[in-house]
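Nothing in this text is a laboratory measurement; each read-out follows from the coordinates by a stated rule. Values in this document were obtained by computation on a predicted structure and should not be read as measured data. Methodologically, a virtual Cβ is constructed for each residue, glycine included, from the backbone with ideal geometry; neighbour enumeration extends over all protein chains shown.
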Amino acid sequence: MAQEAQVRLHIYDAAEAPVSVILRQGPSKHTRMIFWDRRDDSFIDGQWTKHKVYLDRCDLSPDGRYFIYFQLNNRWKDASAGSYTAISRPPYFTALALYPQGDTWGGGGYFVSNTDYVIRTSDDNRDIIGRAPELRRIASDTVDPRSLCASFYSPRRFAAKGGRLYELTEDANEGRLIRDFTNMQFERIRAPYDWRNNEKKGLA
């Protein structure tokens, strides 16, 4: 099968800002996080992950600053317990908060505000990283579902087909091509906020 047919784009819009996160998936389980500023259609191509991301268990904070995702890494004996929910700063997967799950029955979460979020896991599962002190986990039974329906209004309409992103227009059958993400190759990228090397040097 051609590379073009293996690439899929999954878009998560911020509710209070004209920005989005794109998860570019393919080939196989390789996924890249990309930050999209819809005001000028500029992009920041971020980190890749080789582990499976559960696309229906992800969410972007209303201001677009943080991203929740659920991932399976199959490392059942390490601190992540083989699967986990994490919070990162787009367009990077490097976790600021990480909640071990240990299975794929639950996990993932969503933002209630720019600072409050819900994790779909046991209350006994605690954040093992603690690098997001400005954020607060809250219980799901304290959330009014009606408060989650707001979305940032944009007169523009978009569609993803394969690895291409289009703006839909009235006078075009397919739409205006914004960007083709098909021809991307895996590369290692370090998040600018990654503290791990600094800790080893005694700097964090």
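Run the Debye formula on the Cα coordinates of region 3-200, all scatterers equal and no solvent, and tell me log10 I(q)/I(0) at q = 0.11, 0.17 1/Å.
Debye intensities relative to I(0), on a log10 scale: -0.52, -1.20.
Just to be sure I understand: with springs between alpha-carbon atoms less than 10 Å apart, which residue in 52, 77, 29 has the highest mean-square fluctuation in the Gaussian network model of the chain?
Most flexible of the set in this elastic network: 77.
Residue separation times 0.36 nm, minus the C-alpha to C-alpha distance between residue 76 and residue 138: what's the value? Please list the in-between numbers first.
Values: separation 62, 0.36 × 62 = 22.32 nm, distance 2.66 nm.
Stretched out fully, the residue 76 to residue 138 stretch lengthens by 19.7 nm.
Counting only other residues whose beta carbon sits under 9 Å from that of residue 156, what net charge do I get with K and R as +1, D and E as -1?
Numbers: positive: 38, 157; negative: 167.
After counting each charged neighbour, the total is +1.
Where does the longest stretch of the chain lie that holds no chymotrypsin sites (Phe, Trp or Tyr not before Pro) found in a DSSP loop with 10 or fewer other Cβ atoms within 10 Å?
Numbers: sites that count: 105, 153.
Within the chain, the longest run free of exposed chymotrypsin sites (Phe, Trp or Tyr not before Pro) spans 1-104.
From the square roots a ≥ b ≥ c of the eigenvalues of the alpha-carbon gyration tensor of region 67-121, which class results: rounded (a/c under 1.5), prolate (a/b over b/c), or oblate? Spell out each step's value before the answer.
Numbers: a/c = 2.49, a/b = 1.53, b/c = 1.63.
Judged from the Cα gyration tensor, region 67-121 comes out oblate (a/c at least 1.5, b/c at or above a/b).
Using 7 Å Cα-to-Cβ label points, what is the residue 8/residue 161 separation (nm, one decimal)?
1.8
Relative contact order, percent, of the chain when contacts are C-alpha pairs under 8 Å separated by at least 6 residues?
Numbers: 453 pairs, mean separation 35.1, N = 204.
Here the relative contact order equals 17 percent.
Would you compute the Debye intensity of region 8-71 from its alpha-carbon atoms alone, equal scatterers and no solvent, and pass along log10 I(q)/I(0) at q = 0.12, 0.16, 0.19, 0.24 Å⁻¹ to two decimals?
Reported log10 I(q)/I(0), two decimals: -0.27, -0.48, -0.67, -1.02.
By counting other Cβ atoms within 10 Å of each Cβ, how are 121, 94, 169 ranked from fewest to most?
Details: 121 23, 94 20, 169 12.
Neighbour counts put them in this order, fewest first: 169, 94, 121.
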